[in-house]
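Enquirer: Please read through the structure below; I'll follow up with questions.
Rule-based calculations on the coordinates, nothing more; no lab input. Note that the coordinates shown come from a computational prediction; the quantities given were computed from them, not determined experimentally. Here Cβ is always computed from backbone atoms with ideal geometry, including for glycine, and neighbour counts include all displayed protein chains.
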Amino acid sequence: MEISPDNIIFWQWQFIHINATLVYSWLVIAVLSIGSWLITRNLTHGPELSRWQNLLEVIVSMIQQQIEEASRQPSRQYLHFIGTLFLFIVASNILDVIPGFTAPTSSLSTTTALASCVFVAVPFFGIARQGLKGYLSHYIKPTPFMLPFNIIGELSRTVALAIRLFGNIMSGSLVVAILLSLTPLFFPIVMQAFGLLIGVIQAYVFAILALVYIASGQRAQSAEETEANEETVESEESQNPNSKN
Amino acid sequence: MDSISIIGMVSIIIAGLTIAVGSIGPALGEGRALSQALIAIAQQPDESGTITRTLFVGLAMVESTAIYCFVIALILIFANPFWDYVIQHVGG
């Protein structure tokens with residue numbers, strides 16, 4: 001039993017291995033990009049929409065709406081990154097039901113790569129919003145003693161992001177493989193359907209968590225400023241009745 | 001007993017214990033979170049979209065601790081580094 005699609009090697013030349021993770025990632029990328037190229041080739045904006053254009057519009061507007069609800073900011077700046085993460089993960093998880101296809105997200109390499117993208121994207125978006133100094137200053141808040149804990153927190157949540165997705169998807173396919181040897185006929189189908197649900201939810205969770213991390217890295221400073229303003233207003237209000245008395 | 005069977009036995013026992021102990025906490029926590037979310041939805045049905053989204057994200061984060069235990073158990077059973085070491089140096 002293979003615990004990871006990294007061990008299934010299709011082709012190798014010296015130190016270059018083409019394994020199942022790579023091939024199936026390319027397959028997912030090809031399906032996504034060729035599919036959207038075919039659909040967006042002839043877009044219309046009249047009242048008559050083609051059925052596939054309608055599907056893509058529903059997906060894109062749903063992602064926009066979710067981003068706006070979760071981050072309470074305009075979705076445009078996050079849409080490309082978060083949408084790409086979500087679509088790639090959800091496509092590879094759903095294609096897992098096709099026999100012979102192994103989801104590339106059930107390999108720790110793929111999920112680590114995706115989590116590293118989030119790890120790089122957090123300072124990228126933060127610096128783009130606040131500048132280098134403004135972004136780095138939130139590492140030493142509230143005190144400079146928190147600096148190692150902030151750094152450890154940033155690293156550990158990246159690892160958690162990778163292992164969460166890997167564990168969920170890999171356990172789904174592994175449980176099906178174990179059940180196939182015990183109760184071959186019906187029960188694996190039920191678990192496969194359950195695995196579909198888990199796959200979609202995990203893709204959603206990955207995208208939302210990436211969005212939350214990016215948004216928190218961006219507005220760490222501005223949120224504290226607004227809190228400070230509110231506190232001063234409150235303290236003035238609480239002082240006023242005392243002065244009247 | 002030789003070292004191979006000791007390592008095999010300890011790995012299997014610890015893998016079972018890891019899952020058994022490690023699933024208690026997340027199960028209790030998820031049940032509690034779910035019941036609170038149901039109460040909140042019953043009180044405020046209009047906010048069910050926000051509550052459900054937060055619930056899913058929270059459940060996934062709680063569940064990740066159980067997933068870590070599962071990964072450790074799988075490593076112990078399928079990809080045990082000490083087992084490979086002993087096989088190479090003692091058995092080979």
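Enquirer: How much of the pair distance distribution for region A:5-231 lies past 24 Å, counting alpha-carbon pairs only, in percent?
Expert: On the way: 14210 of 25651 pairs.
Result for the distance tail: 55 percent.
Enquirer: Let me spell out the model: positive unit charges on the Cβ of Lys and Arg, negative unit charges on the Cβ of Asp and Glu, origin at the Cα centre of region A:1-115. What dipole size does that give, in debye rounded to 20?
Expert: Details: 4 positive and 7 negative charges, 49 e Å.
With only Lys, Arg, Asp and Glu charged at Cβ, the dipole is about 240 debye.
Enquirer: Against the longest principal axis of chain A, how steep is helix A:76-94, in degrees 0 to 90 to the nearest 10, with axes from Cα atoms?
Expert: 30 degrees
Enquirer: Tell me, what is the percent relative contact order of chain A, built from C-alpha pairs under 8 Å that lie six or more residues apart? Please report the intermediate quantities before stating the final value.
Expert: Details: 209 pairs, mean separation 57.7, N = 245.
Worked out over chain A, it gives 24 percent.
Enquirer: What is the fewest-to-most order of A:THR158, B:THR65, A:THR183, A:THR143 by other Cβ atoms lying within 10 Å of their Cβ?
Expert: A:THR143, A:THR183, B:THR65, A:THR158
Enquirer: Chymotrypsin sites (Phe, Trp or Tyr not before Pro) within region A:10-78: which are DSSP loop residues with at most 10 other Cβ atoms inside 10 Å?
Expert: Within region A:10-78, the qualifying chymotrypsin sites (Phe, Trp or Tyr not before Pro) (loop, at most 10 other Cβ atoms within 10 Å) are A:PHE15.
Enquirer: Still on this structure, I have one more. Starting with the fewest neighbours, write out A:MET146, A:MET191 ranked by other beta-carbon atoms found within 10 Å of each beta-carbon.
Expert: Going from least to most buried by this count: A:MET146, A:MET191.
Enquirer: Using a 10 angstrom cutoff on alpha carbons, build the Gaussian network for chain A and name the most mobile of A:GLU69, A:GLU57, A:GLU48.
Expert: Among A:GLU69, A:GLU57, A:GLU48, the largest GNM mean-square fluctuation belongs to A:GLU48.
Enquirer: Of A:GLY126, A:GLN66, A:ILE8, which is farthest along the charge dipole of region A:5-231 in the positive direction, counting Lys and Arg as +1 and Asp and Glu as -1 at C-beta?
Expert: In region A:5-231, that residue is A:ILE8.
Enquirer: Something else: Under the Karplus relation 6.51 cos²θ - 1.76 cosθ + 1.60, θ = phi - 60°, what is the ordered set of whole-Hz ³J(HN,Hα) values for region A:169-183, x standing for Gly and Pro?
Expert: After applying 6.51 cos²θ - 1.76 cosθ + 1.60, I find 5, 5, 5, x, 6, 5, 5, 4, 5, 5, 5, 4, 7, 9, 10 Hz.
Enquirer: Mind pulling the angle between the C-alpha long axis of helix B:48-78 and the longest principal axis of chain B? Nearest 10 degrees, somewhere in 0 to 90.
Expert: 10 degrees
Enquirer: Select from region A:1-96 those trypsin sites (Lys or Arg not before Pro) which occupy a DSSP coil region and have at most 16 other Cβ atoms within 10 Å, ordered by residue number.
Expert: Values: sites: A:ARG41, A:ARG51, A:ARG72, A:ARG76; in loops: A:ARG41, A:ARG72.
Sites meeting the loop and neighbour criteria: A:ARG41, A:ARG72.
Enquirer: Report, in debye and to the nearest 20, how large the dipole of region A:5-231 comes out about its Cα centre when Lys and Arg carry +1 and Asp and Glu carry -1 on their Cβ.
Expert: 360 debye
Enquirer: Rank A:TRP37, A:ALA91, A:LEU55 by how far each Cα sits towards the positive end of the charge dipole of region A:16-111 (+1 on Lys, Arg Cβ; -1 on Asp, Glu Cβ) and give me just the farthest.
Expert: Ranked along the dipole, the leading option is A:TRP37.
Enquirer: For a quick check, take a GNM of chain A with Cα springs below 10 Å and name the residue from A:SER156, A:SER107, A:SER116 with the largest mean-square fluctuation.
Expert: Of A:SER156, A:SER107, A:SER116, the most mobile in the Gaussian network model is A:SER156.
Enquirer: Hey, another quick one. Measure nothing but the geometry: give the 0 to 90° angle between the long axis through the Cα atoms of A:108-137 and the longest principal axis through the Cα atoms of chain A, rounded to 10°.
Expert: Orientation of helix A:108-137: about 20 degrees from the principal axis.
Enquirer: Can you find, among A:PHE149, A:VAL175, A:THR21, the residue sitting farthest towards the positive end of the charge dipole of region A:5-231, where Lys and Arg contribute +1 and Asp and Glu -1 at Cβ?
Expert: A:THR21
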